[in-house]
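Worksheet: the structure to be examined is printed underneath.
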Amino acid sequence: MRLIVTLAAAASALAGPALAEEHFYAYDPAGNSARLLTRGITLQVERGWFGATRVERLYSTAGEGSAALDRGGLTDGELRAALPAGASESNVYRIETDGAGAALGRVLCPGAQEVFLVFGRVRPLRDITMHAVGRGASGAPLLCTTLEYRYRGEWTQPDPRDVSGEGPLPPPRY
């Protein structure tokens, strides 16, 4: 029995990364803030076991640039203190400052030293609300803006050569 459990655990560990899927979900702005600050976005999402998702990168759909996102960076208390009352989003991602990430952070939260994006669960066919939270010199996180997006569609898997992380995305292949 122990051998069966050991073999099943080993097979599961090896198959885990192979079962992860990358998806590219495109969104159109649903409000003035999103339209003015980002126009449209595409999220690169890794979907793992049991439907768990992790946002890896945000692309500007209408212009150039992208930003890598790193999970975490705010405590639960900091998050709840920064978000508006009644907000249910709780998945925190720090905008990495390499490439166009620094520029995105400056646009969303002028003057912030660190910028975080807070989403709900990202799923196909669902609109999203994204909160930009910045941490300034005082260290306290503050809500910079809330952006709302309408789900536009899922792109087919692009050729890896087309997704360098710099420049505009290639044309969508729905």
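Values in this text are rule-based calculations from the coordinates and carry no lab data. Note that this is a predicted model, so its numbers are computed, not measured. Here the Cβ is made from the backbone with ideal geometry for all residues, glycine too, and neighbour counts use every protein chain on show.
Tabulated data for the structure shown
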{"read-out": "Sequence ranges 40-47, 135-142, ranked by mean other-Cβ count within 10 angstrom, highest first", "value": "40-47, 135-142"}
{"read-out": "Options 88, 75, 117, ranked by Cα towards positive dipole end of region 62-163, top entry (Cβ charges)", "value": "88"}
{"read-out": "Amide H contacts of residue 147 (H built 1.01 Å from N, under 5 Å, at least 5 apart or other chain)", "value": "130, 131, 132"}
{"read-out": "In Hz, Karplus ³J(HN,Hα) per residue of region 58-68 (6.51, -1.76, 1.60; θ = phi - 60°; x = Gly, Pro)", "value": "10, 10, 7, 6, 8, x, 8, x, 7, 9, 6"}
{"read-out": "Under 15 Å, Cβ to Cβ, from residue 48 - net charge with Lys/Arg +1 and Asp/Glu -1", "value": "+1"}
{"read-out": "Simple label model, 7 Å out from Cα along Cβ direction - residue 113 to residue 90, nm", "value": "2.8"}
{"read-out": "Cβ-placed point charges (K, R +1; D, E -1), dipole of region 26-158 about Cα centre in debye, nearest 20", "value": "240"}
{"read-out": "Karplus-derived 3J(HN,Hα), 6.51/-1.76/1.60, for each residue of region 31-48, Hz, glycine and proline x", "value": "x, 4, 4, 5, 5, 6, 8, 10, 6, x, 10, 10, 9, 8, 10, 9, 10, x"}
{"read-out": "Overall form of region 91-156 per C-alpha gyration tensor (a/c, 1.5; a/b vs b/c)", "value": "prolate"}
{"read-out": "Whole-Hz couplings from phi, Karplus 6.51/-1.76/1.60, listed for region 134-146; x for Gly and Pro", "value": "x, 10, x, 5, 6, x, 7, x, 10, 6, 8, 6, 10"}
